[in-house]
């Protein structure tokens with residue numbers, strides 16, 4: 001815990017630990033808290049209260065599926081770091097990540113890393129996704145942290161803001177951060193030759209100061225993203241182009257865009273004005289919600 005230019009090893013009192021029992025961790029990186037120094041120590045404190053959050057990013061706990069895991073709080077923007085090659089981009093990963101930021105109105109930037117190793121197929125994949133996401137209002141960038149391409153542009157985006165940086169394992173988060181801020185000296189990992197997937201180098205979320213007002217939050221590489229805190233309509237309303245069209249659906253804001261007659265989203269998918277890729281991810285998430293019973297999603 002950072003307070004008055006000092007770091008405190010802090011623990012949570014029992015009452016606070018139970019106050020937000022739906023979370024595996026009631027305090028997350030970026031939280032603003034009140035602390036009391038522990039008597040007889042110079043660097044230990046007790047967290048007595050978590051102050052109101054302006055926003056937060058959560059996901060379903062990968063180990064305790066009935067609970068949510070708080071990734072970060074009070075952030076200004078998020079970078080979704082992916083790559084079109086080594087490792088392969090998981091189908092739907094970007095959309096699932098955006099489903100963490102969109103409900104909280106957190107601006108998100110999609111950054112494709114490792115362009116220095118892209119072949120023609122990888123560039124075609126990048127261009128495909130760039131068109132999908134720029135069309136619906138998300139900035140998309142192509143960079144190479146290894147070669148330094150695009151680092152000036154990203155550095156300008158980060159200055160003076162609290163930025164969450166996340167992505168799949170192996171996409172080069174630590175390499176990117178080290179290229180931008182060499183003094184942080186983060187560990188970097190390799191791609192497994194056996195699985196083709198990234199190896200974990202960041203094991204827990206960490207916040208680093210980058211200038212007088214700017215911070216970055218580095219998060220562990222993500223293998224899967226699921227949500228037990230969302231209902232179908234939550235998902236529908238946070239696919240932004242679906243929400244825009246929903247006013248024209250026969251059933252308006254209650255349309256799930258699955259099989260309803262007069263659904264404008266389905267019509268737009270068939271006409272090619274809404275991405276079939278995004279729509280397939282949307283249907284897959286709805287199927288997951290259906291597969292989790294009420295107790296799993298509510299408790």
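The values are calculated or read from the model by the stated rules, or taken from the named source; none is laboratory data. From a predicted model like this one, the values you see are computed outputs, not experimental measurements. Cβ sites come from the backbone with ideal geometry, for glycine too, and all protein chains shown count toward neighbours.
Tabulated values for the structure
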read-out: Answer from 85, 90 - the residue that is in contact with a helix residue (DSSP H, G or I) (Cβ under 7 Å, 6 or more places away or on another chain) and under 19 Å from residue 224 (Cα atoms); value: 85
read-out: Residue satisfying condition, being touching a strand residue (DSSP E or B) at 6+ places or on another chain (Cβ under 9 Å), assigned by TED's automatic domain parsing to the domain that holds residue 98 and at pLDDT below 90, within set 176, 184; value: 184
read-out: Residue 130 vs. criteria in the same structural domain as residue 177 (by TED's automatic domain parsing) and surrounded by fewer than 15 Cβ atoms within 10 Å (Cβ to Cβ); value: no
read-out: Segment 262-290 residues that are farther than 19 Å from residue 136 by Cα, paired with ones that are modelled with pLDDT of 95 or more and in a helix (DSSP H, G or I) (beta carbon under 6 Å, 6 or more apart); value: 285/235
read-out: Long-range neighbours under 6 Å by Cβ, at least six apart or interchain, first residue under 13 Å from residue 277 (Cα atoms) within segment 128-142, second in a loop (DSSP other than H, G, I, E, B) and at pLDDT 95 or above; value: 132/275
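The rows are residues; the columns are (1) under 18 Å from residue 144 (Cβ atoms); (2) surrounded by fewer than 19 Cβ atoms within 10 Å (Cβ to Cβ); (3) in contact with a strand residue (DSSP E or B) (Cβ under 9 Å, 6 or more places away or on another chain).
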position	(1), (2), (3)
75	no, no, yes
78	no, no, yes
83	yes, no, yes
87	yes, no, yes
92	no, yes, no
98	no, no, yes
101	no, no, yes
105	no, yes, no
110	yes, no, yes
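Conditions tested, residue by residue: (1) assigned to a helix (DSSP H, G or I); (2) closer than 18 Å to residue 79 by Cα; (3) at pLDDT below 95.
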| residue | (1), (2), (3) |
| --- | --- |
| 207 | no, yes, yes |
| 212 | no, no, yes |
| 225 | no, yes, yes |
| 235 | yes, no, no |
| 249 | no, no, no |
| 257 | no, no, no |
| 274 | no, no, no |
